[in-house]
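**Student:** My questions will all concern the structure given below.
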Amino acid sequence: CSGLVLSRRPALVLCHAAVFAPFLRAGPAAWARPAALPPAALRPCPRLSVVLGAEAGGLRELDARLLALVPCAAFRRALERGLGRAERWRFGAEDEAGTEPRALPWFAWLRVPGLDAAEGGWAARASAGCLRKGQALLACGSPFGDLCPELFLNTLSRGVVSNLAGEENALVLTDARCLPGTEGGAAFVPSPQGPRVVAVIAASLCWKGAEWVGLTLLCSLAAILRSSVGVLGEAGIAVPPVPAWVAAVPASGGQDPLGWTALVECGATWGSGVLLAPRMLLTCRHVVEARAPLHVTPAAGPGQDAAVLRGRVVFATEESSPFDVAVVELEESVPGFVPLCLADTFLPGEEVSVVGFGALGRACGPSVTAGVLSAVVAVAGRPVMLQTTCAVHGGSSGGPLVSSRSGCLMGKPGVGVGSHGCPPAGPSDVGIALSPTGIVASNTRDTGAGATYPHLNFCIPITVLQPLVARYRRTGDPLAFAGLNRVGEGVRATWQLQQRPGPPSKL
């Protein structure tokens, strides 16, 4: 596994404890204990070493001694509440048994005398309690562990904070792409004084049901340190407080994509939606097609309670339409609604974000994932589909695609509804794009292999919808959207992911 040098006086390395699973005297049952495990809990206690890069190049290997295995109580509680068994989460490679879920909150403290430095101190740290969704993160770890450290030691991956849960954000999800072996590595936030450690990688691959969600699970470093004070104190080591550092937030002109996003529930299914007016919301047809009461919960701001509003579908595209769109009118206005800035241009390669209730659903509010606009597909010179590399999951359908360049709604993405958080196996899951740039319609599923690809997804450009929305708001006539059911063959072929003539697409 990977590890983090947290102190040089005395030299301490923090890593994930799952690597010690084969040596536990009590077996997997030991992970259920509420208190720390001493070295005597291992049989036999393995020889430990840490591998680091040498200043002159190459590698150096140093002996290490286990101080204790420590559970992070706050992280454990956040896991139980946000990623419970009913949600069918699992961790590790698809073709392996994966990480024992009860081991996820456990971490190991190692003493490495060969790293002691007279002028050393603790690494620069930051509290995860100051993190905000969408904030930049940098993950560092060594993929594949000791397989080939000469090539993979301390590789970097960039992403954003996707979601947060627990006391002082003990649980952090990021879309930074990490590989097996990076568990125990560090996540950093940038600051004017240099990067600061904010969390430790607990699981590099996360699955919800049969769907790889493309997110990495992190545990707050501050939460680990709070759980370790007693153990380190017994070893004569004082743990300094973690600075309450707050990241600088760039000005955005009051445009907050989280405030545009709403949870849409229709019977046992759920998805996402985009608020275009105080009482108007766009989502995907497949989210609301159940004949059941419709409830809309706008994302609540910090310290606010979420309000659940009733809604009714005033228009939904026909199943034969390539555009999977529904228009919902709310019975009450959304308090504090801020009008959106809508995109009118799309630049391939520009940075974008998707906001929606995929993966964690109702548990922790909307998630944010970042990527680039990978393709703009046009028919007769008009954009009809946007493709992005953002991680999109079941339950994200109908959420906004936002331009990081302009802060405008570009479109909406679409993936399957979240009765179990799993996407349907077909190309009909399409969505809407708003700058918002668009609306999320679908990620990609290979119906032949049964694999889902969260980093290839499709959105409806807002430029397709904006004139229809303007006409509807002016006239109040839902037939303003009827043109979405009457589109040309080129648009249909595009959304069917089908070259014509040719064999049927398996995507």
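The values are calculated or read from the model by the stated rules, or taken from the named source; none is laboratory data. Since this is a predicted model, take the numbers as computed values, not measurements. Cβ sites come from the backbone with ideal geometry, for glycine too, and all protein chains shown count toward neighbours. Each accessible area value is taken on the protein alone, full model and side chains, heavy atoms only, with ligands, DNA and RNA left out. Shrake-Rupley method; radii C 1.70, N 1.55, O 1.52, S 1.80 Å.
**Student:** Place the peptides 225-236, 7-18, 391-402 in order of packing, highest mean first, counting for every residue the other Cβ atoms within 10 Å and averaging per peptide.
**Tutor:** 391-402, 7-18, 225-236
**Student:** Treat each spin label as a single point 7 Å out from the Cα along the C-beta direction, and report the Ser320 to Val377 distance in nm.
**Tutor:** A separation of 2.1 nm, rounded to one decimal place.
**Student:** Right, here's the next one. Could you tell me what percent of the accessible area of the range 267-407 is made up of carbon and sulfur, with a 1.4 Å probe and every protein chain present?
**Tutor:** 51
**Student:** Moving on to the next point. Run the simple label-point estimate for Glu331 and Ala290 please: 7 Å along Cα→C-beta, distance reported in nm.
**Tutor:** For Glu331 paired with Ala290, the spin-label model returns 1.8 nm.
**Student:** Multiply the residue separation of Ala118 and Arg60 by 0.36 nm, subtract the distance between their alpha-carbon atoms, and state the gained length in nm to one decimal.
**Tutor:** Working: separation 58, 0.36 × 58 = 20.88 nm, distance 1.97 nm.
Contour length minus the Cα-Cα distance gives 18.9 nm.
**Student:** In square angstrom, what is the accessible area per residue of the range 100-151 with a 1.4 angstrom probe?
**Tutor:** 42
**Student:** Keeping all protein chains in position, work out how much accessible area Thr452 exposes to a 1.4 Å probe, and write it in Å² to the nearest 10.
**Tutor:** In the full protein context, Thr452 sits at about 10 Å².
**Student:** Once you sort the root eigenvalues of the Cα gyration tensor of the range 100-248 as a ≥ b ≥ c, which label holds: rounded (a/c under 1.5), prolate (a/b larger than b/c) or oblate (the other case)?
**Tutor:** Rounded, since a/c falls under 1.5.
**Student:** Then there is this: By what distance, in whole Å, do the Cα atoms of the range 108-175 stretch along each of the three principal axes, largest value first?
**Tutor:** 38, 30, 20
**Student:** Treating each Cα of the range 3-235 as an identical point scatterer and ignoring solvent, apply the Debye formula and state log10 I(q)/I(0) at q = 0.10, 0.15, 0.16 Å⁻¹.
**Tutor:** Listed by q, the Debye log ratios stand at -0.43, -1.03, -1.19.
**Student:** Could you give the spread of the C-alpha atoms of the chain along their three principal axes, from largest to smallest, in whole angstroms?
**Tutor:** 74, 50, 44
**Student:** Per residue of the chain, what 222 nm ellipticity follows from adding -39500 (n - 2.57) for every DSSP H run with n ≥ 4, rounded to the nearest 500?
**Tutor:** -3000 deg cm²/dmol
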